[in-house]
Amino acid sequence: MEQTSVRTHWSSRWAFMLVTIGSAVGLGNIWKFPFMTGTNGGSAFVLVYLACIAAIGVPLLMAESMLGRRGQSNPVGTMRSLADEAGASRAWQVIGLIGILGSVLILSFYSVVAGWVLDYTLRAVEGFQGMDKAALGAAFGDLLASPGRLILWHSLFMVLSAGVVLGGVTGGIERANKIMMPALFAILLVLLGYGAVAADLSAAFRFLFHFEPQAISGKVVLAAMGHAFFTLSLGMGAIITYGSYLGREVSIPRTSLVIAGADTLVALLAGLSIFSFVFAQGLEPAAGPGLILQTLPLAFAGMPGGHVIGVLFFVLVVFAAWTSAISLIEPATSWLVEHLGWSRRAAVLSLAGLIWLLGIAVALSFNAWEGFKIFGLGLFDLFDALTSKFLMPVAGLLIAVFTAWVMKREHVREEIGLSGGAFALWFTVVRYVSPVAILLIFLHVIGLLG
Ligand code: PHE
């Protein structure tokens, strides 16, 4: 398909990789992965998560980038033009719409969590010296109990995120990513090194990698699959949109492997360092969403140079969250601009306003509205479960089916840039393995399979 000359493209082939790593690496890796590993039994979760990244995540990351580059539009427009090209029903646009709905829901709780991290950045400046595990547990409890603080930080994070999308995505974000992502890696390595000498790295290692297939349950598998989608930013239109700004010269398979590799590495490094401290301090691995906020400050309090490293760490987590948040706003923005003809400003401000309001409701679900439940879940847990365990896998399933069953095979081959055995392998995985795996997991969970 012809590439339209008006559409912005990334400044270099590195830029796509960087911003997509920026989208993928976020709270999902540093906050969610460790806490989910802790609540889902450790190594069983990690094993299934890694299998899902390989069998579903990477192939779909390639497929989504490919769709975006071929479609050259927002997620809905891309699906419409690709459906037209394939002579298929325009109902496939639903993939883009699911993505837009899902990103709004994700950002409304993501921003609240990013707000926790902002709050802890300020505390890190004051220093965690002298705080023990009881004090840190109480501090996190106090934060959750305070609607004012939660809403304030959430609002600030939304202003930051909307501000960047308002100005367009290239310049600032590309540059910020280039500095911040390597710095985040370096600090994680420092923490890991400190965990190895001062805490219990071998217990952490055992917890994450001990081979324990009998601990795998339906619940663990669904959680791990959902997390593979979440951590790679799949199914939400983010990758389709970023792919649509992608130049012809870039190798989609190679960049996808680098992106998924970096994302997985950050998650494993974060998990290893955090659990080293969890076990050394006798903390509860299944502590839930507050895990990193209750453990890492202990490490910072005890280590030489911990004050500075603590501040740096939280600042970098904010940056990681920020670059992901942008990728949650951009798809819907491009849709409102290209499809409904809104100005970028109107689109970003209304979206951010909507997400901000939903986020306030999420913040209140920890305190004033604690008793309000839908399907037995508070809003925070509901939005998380609805997106990771339902909307993302459904979108992923539809993307796999569209790519490998609906599109003309020669178009797919031409756009993905693979040939011979490599193409056959990827195509077979997208045609059979990924969709069947997603379906089986769903059927199992709703109880249709033993
Ligand atoms: N991948 C991001 C993270 O791990 C979250 C995200 C999901 C971003 C979906 C964009 C789309 O934090």
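The values are calculated or read from the model by the stated rules, or taken from the named source; none is laboratory data. Treat the numbers as computed from the prediction; the structure is a model and nothing was measured. We place every Cβ from the backbone using ideal geometry, glycine too, and count neighbours over all the protein chains shown.
Applying the condition of being of a type in the set (Gly, Ala, Ser) and under 25 Å from the mean Cα position of the chain (by Cα) to the stretch 196-228 and asking which residue is farthest from Pro393 (Cα to Cα) yields Ala204. The set of residues in the stretch 307-347 that are more than 16 Å from the ligand (Cβ to nearest atom), of a type outside the set (A, V, I, L, M, F, W, C) and crowded, with 21+ Cβ neighbours inside 10 Å contains only Gly310.
The residue that is farthest from Leu222 (Cα to Cα), among those in the stretch 1-38 that are modelled with pLDDT under 95 and among the hydroxyl-bearing types (Ser, Thr, Tyr), is Ser5.
Enumerate the helices (runs of 4 or more DSSP H) found wholly within the stretch 376-450, keeping only those where 1 or more residues are acidic (Asp, Glu).
Once the helices (runs of 4 or more DSSP H) in the stretch 376-450 are filtered for at least 1 residues that are acidic (Asp, Glu), what remains is 379-386, 409-416.
Scanning the stretch 33-55 for residues being within 15 Å of the ligand (Cβ to nearest atom) and crowded, with 23+ Cβ neighbours inside 10 Å gives a total of 7.
On the stretch given as the stretch 92-129, residues that are more than 17 Å from the chain's Cα centre (by Cα), within 16 Å of the ligand (Cβ to nearest atom) and surrounded by fewer than 24 Cβ atoms within 10 Å (Cβ to Cβ) total 2. Taken over the stretch 241-250, the criterion of being within 16 Å of the ligand (Cβ to nearest atom) and part of a loop (DSSP other than H, G, I, E, B) is satisfied by Tyr245 alone. Could you list, in sequence order, the residues of the stretch 11-58 that are outside any helix (DSSP H, G or I) and closer than 15 Å to Ile259 by Cα? Val25, Gly26, listed by residue number.
Scanning the stretch 254-302 for residues being aliphatic (A, V, I, L, M), surrounded by fewer than 19 Cβ atoms within 10 Å (Cβ to Cβ) and not in a helix (DSSP H, G or I) gives a total of 1.
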